[in-house]
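Let me begin by presenting the structure, written as structure tokens, before commenting on it.
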Amino acid sequence: MAAYDLLISGGNLIDRAQGINGRRDVAFSSGKVAAVAEWIDPAEATETIDATGKIVSPGLIDAHVHIYEGVTHYGINADATCLAHGATTVVDAGSAGHDTFKGFRKYVIEPSATRILAHVNISSMGMIAEEVGELDDIKWASVSKALQTIEANRDVVLGVKVRLTKYLNCSESAGIKPLYLAREAADAAGLPLMIHPQDSWADSLDQVLAVLREGDMMTHMYHGMRHGILDDEGKIRPEVQAARDRGVIFDVGHGAGSFDWDVCTKALAQEFEPTTISSDLHSHNVEGPVYDLVTTISKFLLLGMSLEDALAKVTEVPSRVAVGNHTGLGTLAPGSEGDAVVLEMEEGDFPFVDSRWVERRGTSRLAVRNVVKAGREIPRAA
């Protein structure tokens, strides 16, 4: 009988958590990583993936997606759009609130092969319809209901989400109040707060950042709208740097309107990198400009980030700062979850676009070749 269910052989393993960037074989058994070594005999495995000349990474963690398919207008199928493209663990960023979370768990989280974690929306209705903002009326922002949902779903809930953008979801009558209610709920639950801050009713981004503490997350960090991380002269705002210094997580959250080449380039030139790279993948951007998480990673490679650093921001880093106490993620250390992705660096002439559909061209991009979830290879994306 074979010692291992599956072996990934001959690849270059990049695993920041283990301090590995070199040729390693990775073996899986009973859904977990069983062994990592410079060479493992393929005869010891029932199945083998030949990763010679390719990159092996822990399964990718996308810290911002919307996958409440069939209920919210943003929802897409997690297994088809995330898992098949290398994101073995995803975090739904507030698609569901109290009134809709039970269905989200029963019909999406539990049946999916993708590991799905979530932030609970401070709006009890969640993100239902494009025409109706979840905070059009402040009555939807319920601390007590958010806490009920958190207590009933501690195993999958990571924190509380609030969107503050005027034109999307937040009325003038609600104003900035949902931010403080979300803070109250997060504090009562002992969980972090995730904010979507741009073009809100706040006087400035500083007013929003003042509410954030160590472990809280500001997503959409490179948008080009009001309340951005840059001042009028293109410099990182002092309050933004102060927030990072006290442990606030700054997340990419590319999305359909929240990644601007110019903002990102200026920020990176000032060494203001994202803590985590995420896609904000949803129905309005899955056909572009986002497509998937590996395309977002490739954009940062185009901007000069090293492959090792970029992969750390979708594996080791989010495993520490964005997924709570869910251990065994973001690494292929023996005993960890048996989630991996085999990647290849394609060479050519490739177009990349930001959220304004402004194009930049690159000579390389990451492509997914194999995905392993719980120690088994899954069907590859088309």
- Any idea which of Pro351, Pro334, Pro379 is of a type outside the set (D, E, K, R) and at pLDDT below 95? Pro379
- Query: Is there any pair with a first residue in region 296-307 that is closer than 18 Å to Val65 by Cβ and a second that is among the β-branched types (Val, Ile, Thr) whose Cβ atoms are under 8 Å apart and which are 6 or more apart or on different chains, and what are they?
  - Reply: Thr296/Val252; Thr296/Ile277; Thr296/Val290; Ile297/Ile277; Ile297/Val314; Phe300/Ile277
- Based on what the data block shows, is Lys177 over 21 Å from Ser258 (Cβ atoms) and either buried (at least 24 other Cβ atoms within 10 Å of the Cβ) or touching a strand residue (DSSP E or B) at 6+ places or on another chain (Cβ under 9 Å) (or both)? yes
- Item | Every residue from region 189-209 that is among the acidic types (Asp, Glu) and part of a helix (DSSP H, G or I) | Asp206
- Message: Among the residues of region 3-17, are any at positive phi, in contact (Cβ under 8 Å) with a residue 40 or more places away in the chain and either assigned to a helix (DSSP H, G or I) or assigned by TED's automatic domain parsing to the domain that holds Asp155 (or both)?
- Response: no
- Is it the case that region 78-87 has a residue that's outside the structural domain of Asp280 (by TED's automatic domain parsing), of a type in the set (Ser, Thr, Tyr) and either over 18 Å from Val157 (Cα atoms) or under 16 Å from the mean Cα position of the chain (by Cα) (or both)? no
- Being buried (at least 19 other Cβ atoms within 10 Å of the Cβ), closer than 29 Å to Tyr180 by Cβ and either at pLDDT 95 or above or not assigned by TED's automatic domain parsing to the domain that holds Ser278 (or both) narrows Ile55, Ile116 down to just Ile116
- Query: Listed residues Ala202, Ala185; which is on the phi < 0 side of the Ramachandran plot, over 20 Å from the mean Cα position of the chain (by Cα), crowded, with 17+ Cβ neighbours inside 10 Å and at pLDDT below 95?
  - Reply: Ala202
- Enumeration of residues in region 218-235 that are without any contact (Cβ under 8 Å) to a residue 60 or more places away in the chain and crowded, with 24+ Cβ neighbours inside 10 Å: Met218, Met221, Tyr222, Ile229
- Which of the residues that make up region 1-28 are buried (at least 18 other Cβ atoms within 10 Å of the Cβ) and more than 21 Å from Ile61 (Cβ to Cβ)? Tyr4, Asp5, Leu7, Ser9, Gly10, Asp25, Ala27
- Message: So, Leu193, is that one within 30 Å of Thr327 (Cβ to Cβ), free of Cβ contacts under 8 Å to residues at least 40 places away in the same chain and crowded, with 16+ Cβ neighbours inside 10 Å or not?
- Response: yes
- Task: Report yes if some residue within region 236-244 is outside any loop (DSSP other than H, G, I, E, B), surrounded by fewer than 20 Cβ atoms within 10 Å (Cβ to Cβ), among the hydrophobic types (A, V, I, L, M, F, W, C) and assigned by TED's automatic domain parsing to the domain that holds Leu158; otherwise report no.
- Result: yes
- Message: Taking the criterion of being part of a loop (DSSP other than H, G, I, E, B), out of contact with any strand residue (DSSP E or B) (no Cβ under 9 Å at 6 or more places or on another chain), modelled with pLDDT of 95 or more and among the polar types (S, T, N, Q), would at least one residue in region 70-83 satisfy it?
- Response: yes
- Note on the structure: Residue set Gly362, Gly338, Gly328; condition of a type outside the set (A, V, I, L, M) and buried (at least 20 other Cβ atoms within 10 Å of the Cβ); output residue Gly338
- Message: So if I check each of Gly247, Gly215, which one is surrounded by fewer than 21 Cβ atoms within 10 Å (Cβ to Cβ), under 24 Å from Leu191 (Cα atoms), touching a Pro at 6+ places or on another chain (Cβ under 7 Å) and touching a residue at least 12 places away in the same chain (Cβ under 8 Å)?
- Response: Gly215
- Task: Residue by residue through region 248-281, note down the ones that are farther than 30 Å from Asn77 by Cβ, part of a loop (DSSP other than H, G, I, E, B) and in contact with a Gly (Cβ under 6 Å, 6 or more places away or on another chain).
- Result: none
- Looking at region 191-218, which of its residues are touching an Asp or Glu at 6+ places or on another chain (Cβ under 9 Å) and closer than 16 Å to Arg237 by Cα? Ser204, Leu205, Asp206, Leu209, Ala210, Met218
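The values are calculated or read from the model by the stated rules, or taken from the named source; none is laboratory data. A quick note: this is a predicted structure, and the numbers were derived from the prediction, not measured. Cβ coordinates were reconstructed from backbone atoms using ideal geometry, including for glycine residues, and neighbour counts include every protein chain displayed.
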